[in-house]
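Heads up: the structure comes next, in structure tokens.
Laboratory data are not the source of any read-out in this text; all were calculated from the coordinates shown. On a predicted model such as this, the values are computed, not experimentally measured, just so you know. Because the Cβ atoms are built from the backbone with ideal geometry, glycine has one as well, and the counts that use them run over all protein chains shown.
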Amino acid sequence: MTNSANNREEVKTLVLGLGNLVHCDDGLGVHAIQSLNEDPRVPSDVVVMDGGTQGLSLLPHISAFQRLLVIDAIDVGEKPGTVVRVEGKALQHLPGKASVHQLGFADLMVALELLGESPEEVVLFGVQPLSLEWGTELTPHVREALSRLPDLIVEQLLFWQSQPLAQAS
């Protein structure tokens, strides 16, 4: 038990925003990162990164972390603007992005697993998009969801700071 404080100090946490700023709601993750970069509540030892549409080039960056919190627009068949929190085995059932130009979060997780470099704890905060058409503005429902994300993310980060790293099963 005396090691738990030391273990917390050693745990590396990444907050990663994914998305494309020129495809309306798909830019949600990048917009969220811009907001979090200005939020003084984000613990100073947490790395906040705009992953944009970098796809597999993110692998070496992600593999260095034990905890990963991802923010992305994700189609889960809900009402536009719905915020979903996904973790654990539920992450294995996420859809990939069917695009020649970019890979989705699910594709990154599969690649990390194949390489044996998956973070020990992963949480995804996703928002159901309305439009992925060309455009630089978020739709109103997704913009409203974006305003709620910093509180949810900071709550998760503070929870992680208070807990030892979960043991892999």
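In terms of other Cβ atoms within 10 Å, 160, 134 run from fewest to most in the order 134, 160.
The alpha-carbon atoms of the stretch 124-169, seen along their principal axes, cover 42, 23, 14 angstrom, with the largest extent given first.
Evaluated with a Cβ-only charge set (Lys, Arg +1; Asp, Glu -1), the stretch 4-162 carries a dipole of roughly 140 debye about its Cα centre, given to the nearest 20.
Estimated from helices alone, the mean residue ellipticity of the chain at 222 nm is -10000 deg cm²/dmol (sum of -39500 (n - 2.57) over DSSP H runs with n ≥ 4, per residue). With Cα atoms as the point set, the chain shows a radius of gyration and Dmax of 15.5, 53 Å. The fewest-to-most ranking of 28, 16, 94 by surrounding Cβ atoms within 10 Å reads 94, 16, 28.
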